[in-house]
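Read-outs throughout are calculated quantities, based only on the coordinates presented, and are distinct from any laboratory measurement. This structure is a prediction, so every number in the text was calculated from the model and none was measured. Because the Cβ atoms are built from the backbone with ideal geometry, glycine has one as well, and the counts that use them run over all protein chains shown.
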Amino acid sequence: MTIPELRQYKGGKKLIVVTAYDALFTRVVEQAGIEAILVGDSLGVVVQGKPNTLSVTMEDMLYHTKLVADAAKTSLVIGDMPFMSYQASHVDALRNAGRFLQVGAHAVKLEGGAAVLDRVEAMTKVGIPVVGHLGMTPQSVHQYGGYKVQGKGKEQAAALIADAKALEAAGAAAIVLEAMPALLAKKITEQLSIPTIGIGAGPHCDGQVLVLYDLLGLFDEFVPKFVKPYAHLKADALQALRRYKEEVEQGKFPSDSESYH
């Protein structure tokens, strides 16, 4: 999967994206035929157990991106730029984006519209593919007062459409649309020539992305409306662990077949 191939998903076959944070799940994701993997700063919540993504560092992201990139054989790997890795200056943005590519990512993702256009343009000019992110941007959670749907009002919707067009003009290869009305996401998708990737943005985007632990039913502390669990692995894991504990306590494990002679 390459950036030119990513662009070909516009208006045709749906692009499927999931997050992954380690080699094991990367191999499973690829065996399922998933085209692109986002190494999301969502790891701050689902892996590190933090209340939001704001404490995730560049070192955290580079470590997990390298794990995924080393294991990936066919998927496009997108590294998620963490909070304050690109906001302060062009120099920070370019240097940190370049570090993602150095550990194996094929593109980087960053949040925001008008405020980051110059960063997107600078990155693309030096050959760093960029995926934008509009709507509910988790790094701005305190500004929003929580994880809330964006773009419900006319003015805010118009601003998001304008931001999407500006990101495309700045060179973005695709844009993630998160937690916005489906009709707004449809309008944005129709007005762009680059793919949109929805998460809580309805069915009209060119692709969809979900956090892996959410769709597998591993993380259930907070389940957004837009998440559909396709498995219930937490329940399966709890059952397995309880059986293991019980069998050890009862002397059933290890049995003769699990012992060396």
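For the range 2-74, a crude dipole built from +1 on the beta carbon of Lys and Arg and -1 on the beta carbon of Asp and Glu, taken about the Cα centre, is about 340 debye to the nearest 20. Think of each Lys and Arg Cβ as +1 and each Asp and Glu Cβ as -1; about the Cα centre, that makes the dipole of the chain roughly 680 debye. Mean residue ellipticity, 222 nm, helices only, the chain: the sum of -39500 (n - 2.57) across DSSP H runs of n ≥ 4, divided by residue count and rounded to 500, is -12000 deg cm²/dmol.
Recomputing Rg and Dmax of the Cα atoms in Å from the coordinates shown identifies the correct label among [x] 19.9, 74; [y] 16.6, 46; [z] 17.9, 51 as [x]. Against the main long axis of the alpha-carbon atoms of the chain, helix 58-71 sits at an angle near 70°.
Between 0 and 90 degrees, the angle of helix 182-191 with respect to the longest Cα principal axis of the chain falls at about 60 degrees.
Each of 26, 37, 2 was scored by the projection of its Cα onto the charge dipole of the range 1-99, and the greatest displacement toward the positive side belongs to 2; charges sit on the C-beta of Lys, Arg, Asp and Glu.
The alpha-carbon of residue 152 sits under 22 angstrom from the alpha-carbons of these lysines, leaving out residues fewer than 8 places away in its chain: 165, 186, 187, 225. A simple charge model with +1 on the Cβ of Lys and Arg, -1 on the Cβ of Asp and Glu and nothing else charged puts the dipole of the range 66-189 at about 200 debye relative to its Cα centre. Between the listed residues 88, 115, 69, the Cα displaced farthest toward the positive end of the dipole of the chain, a dipole computed from Cβ unit charges relative to the Cα centre, is found at 115. Lysine pairs in the range 1-99 whose alpha-carbon atoms fall under 24 angstrom of each other, counting only those eight or more residues apart or on distinct chains, come to 4.
For the chain, the longest principal axis of the alpha carbon atoms and the long axis of helix 90-102 meet at an angle near 40°. Couplings for the range 214-228, taken from phi via the Karplus curve 6.51 cos²θ - 1.76 cosθ + 1.60 with θ = phi - 60°, read 6, 6, 8, x, 8, 10, 10, 5, 8, 10, x, 4, 7, 8, 10 Hz in order; Gly and Pro are left as x.
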